[in-house]
Every structure is written in structure tokens, then in C-alpha cells.
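Q: Would you mind keeping the following structure in view while I ask a few things?
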Amino acid sequence: MCIGYHQELHNAVRNVDARFPIAAANIDSDPLGTSYYKDYSFNYVIDLGPVDVYQLHQFGGDSTFGRKSGLDWLKRKLAIGGYSRPVIIVQHISVAGSDSDYGFTPAVRDKLLAILRPYNVIAMLVGHSHSTARVREVRPSTGVTIDGVRNNHQIWELRPGAATLEVSHTNLDGTPGTRFGLVRVEEPDAGNEVITNVVYGTVRQGKTKFEWQYGWSNRTSTAGLYLLDIEVIYRDTEADDAADDLPWYVTEETSKSANINHGFGGRHVYIKPILTANALEAATGFDLAIRDQPYEGPNARIKDLAKGAGGKYRYLVPKREPGKTPIRQLWLWRADGRQAPRLGWEMTGDINKGRGGDYLLLEWDARG
């Protein structure tokens, strides 16, 4: 993983061998090998045991020179990981502020933070500043809301610093040198939290050996968030990187369309999770209701999934069953034929039953 350098400013292209094997399915690129920067962002994600690490290059949402921002890819991949999986985000520009000279405006920054809000982001690793290592807290700008609730989610930004003598640092004893940070994530045997540690290495001027000292540590629960309910969102266009009204939504597992009405006309219909930290009030499953008459019950969030397409009304109704596992992950599954649920997962019937098209199922992780 690399937090980057000013390649565009220096007008240089450098080849760097990957430090970890990266599966093609984990890269935002054409799996057939034909890629174009306006179609793919080349962001990627690596499973490093207790944590998934996302490389967003210059910054999440970078669309300079007409390039693909990769935000829709990020939404899909984060959704696959679920709301409890620990995540580290890596990008070049600091998230603690903004840098409009590079296109990372406050609006772009807050859009990225809104996408990250429901997920268990334990740290963001950044570069850009040619100065010593540091840790600081990141929160969205004042007044940013999500579903009417203040987005005050805390994220820790870790700047490892430069492990060279080009950047000066004054040591605790007053002597000059360079300090950089190494980040290590550990998962205790209990498995209900991860520990993020930063250890500082110091190189004194005129010396060739590192001196190590404790830097910073933080414990993060892996409980994450649970699904309380869903909101059905109607749009006039397909959701894409620019869909500000959908910072997160239920994605299709194989990157096919998550639009429920795909291929049927009518409104573009998406499912947006409503989340809670309280497992006791979380949903444990869904019933699919296909009926001739519209729903007239007390839950205002239950809306027609076939809006504008004609035919029968289609609804997803959340269930809360005692003794069942609260939902942490929710996907759509679009296939050519009926699929059996994978081990430990449950699913609805075919949302498209009786109107043709793909088999479309809503599935959730029912493992404890």
C-alpha cells in the first residue's frame, strides 16, 4: 500500500511492484484487461486478515481530467464487507482538511465521509504533507446531515510521515532527526474488537539506525451497525458516482444493476438501508409481498418496488423475530435462474415473479 507522491506535478510515471497479491475482482477495472481511466478508477481493496484496506489513490471521488471517480465501486465493495468489518482507507490527500488546488473541495470531502458513515472505518492513512508523522481526528463539516441526523461520525486520520532525512523533526531531547509511523492492526483472541497501533521510528541526523517508541493506540469494536429498516428511493436516472442522494444503498452482489425496475421501465428504484446501533430493534429478515392492491399499513417506508412499471404492487416488509440473528449485511442477487441461498444466508422469493426478466432476490447474512 502506498499513500502516494506528486506524480502528476512531477510529470513522471514510476512502476512499483505490488506489495500484496490483488485479485482482479478487487480492482475497479475491466476483468478482461481492457481499461480506460474514464471508465475505471483503478481503486482496489486488499483483505489483510483483521481489516480490509482500500486504496483510493489521490483521493476518494477524484474526477480530475474526466477520470472515473470510483465512488460507486467503493459503495458496492463496502456493502459487500458489511457494517461491522474493520476498514482502513488509504489516499494521498489529507481528509482532516481540504485541498481545492487538487480538486479535493469541502463538498467532495463531505461526500466521501457520507459514503463511509455506516461502515467500521478504523483509520484513514494519508500522505501529501512532507512533514512528520501525526494522528488527528476527522469529522464532517458543520451542518452535514444524513437522513436528517447530524453526521458527527469520528474517524482517525493517520499520517505515517516520510522515512527519509528530507523531512526534519525535533526529537524530545532537542536533537534534529526524522520521525515516521508504522501502523499495525491486531485482532485479540476474543474477536470482538481490533486494536490499531502506531509506532514511531526516529532517525537522528548522522545516524543510520532507527529508534522506536510507542506512538498511539485505539480499540474499535467490531459490533458495527445493524439494519433497522429500508427506505425505497425513487430516481429519474440510474444511480452512479454522482448520486448524492444515495451515499449508500443495497448493491447487487455481482456488480449488476441494483435498480429494482431495471428492464421494466418506470422509476429507477433503489433500496437504502436504515441503520441502528441497537441489535434489539434490528430487522431479522424480510417478507416479499406481491399484490393487486397498494399497501395501506402504518409503516410509511413500505413503498412499491415496481413504481411506474405497471402490473402488480411489490413490497419488502421487514420482520423482527425473537431468537433470530439481526441483519448486518444486505445484498441483491440478480441471476438468470432460481438460486439456492448460500450456507448461513436467507433470501426472499423472486421480486420479479410474474413479470419476467432476471430472478431478483434480496439476501441477508443470518449467521450469528
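Quick note: the coordinates plus some simple rules give every number you see, no bench work behind them. All figures in this text were calculated on a predicted structure; none of them were measured in a lab. Positions of Cβ are backbone-derived with ideal geometry, glycine not excepted, and every protein chain shown enters the neighbour counts.
Q: Grab the alpha carbons of the stretch 292-368, take their convex hull, and tell me the volume per residue in Å³. All intermediate terms of the calculation are to be shown ahead of the outcome.
A: Values: hull volume 8.7 nm³, N = 77.
Dividing the Cα hull volume of the stretch 292-368 by its residue count gives 113 Å³.
Q: Mind listing the phi-derived Karplus ³J(HN,Hα) values for the stretch 184-194, rounded to whole Hz, using 6.51, -1.76 and 1.60 with θ = phi - 60°, and x for any glycine or proline?
A: In residue order, the calculated couplings are 10, 10, 10, 10, x, 4, 4, x, 9, 7, 10 Hz.
Q: Show the residues, 5+ positions off or on another chain, whose built amide H is closer than 5 Å to the amide H of Lys68.
A: Lys38, Asp39, Tyr40
Q: Something else now. Skipping prolines and chain starts, which residues have an amide H placed within reach, meaning under 5 Å, of the one on Ala258, given they are 5 or more residues away or on another chain?
A: Distant-sequence amide H within range of Ala258: Glu252.
Q: So which trypsin sites (Lys or Arg not before Pro) in the stretch 228-283 pass both tests, a DSSP loop state and at most 16 other Cβ atoms within 10 Å of the Cβ? It would help to have the intermediate numbers written out before the result.
A: Values: sites: Arg235, Lys256, Arg267; in loops: Lys256, Arg267.
Loop-located and lightly packed - Lys256.
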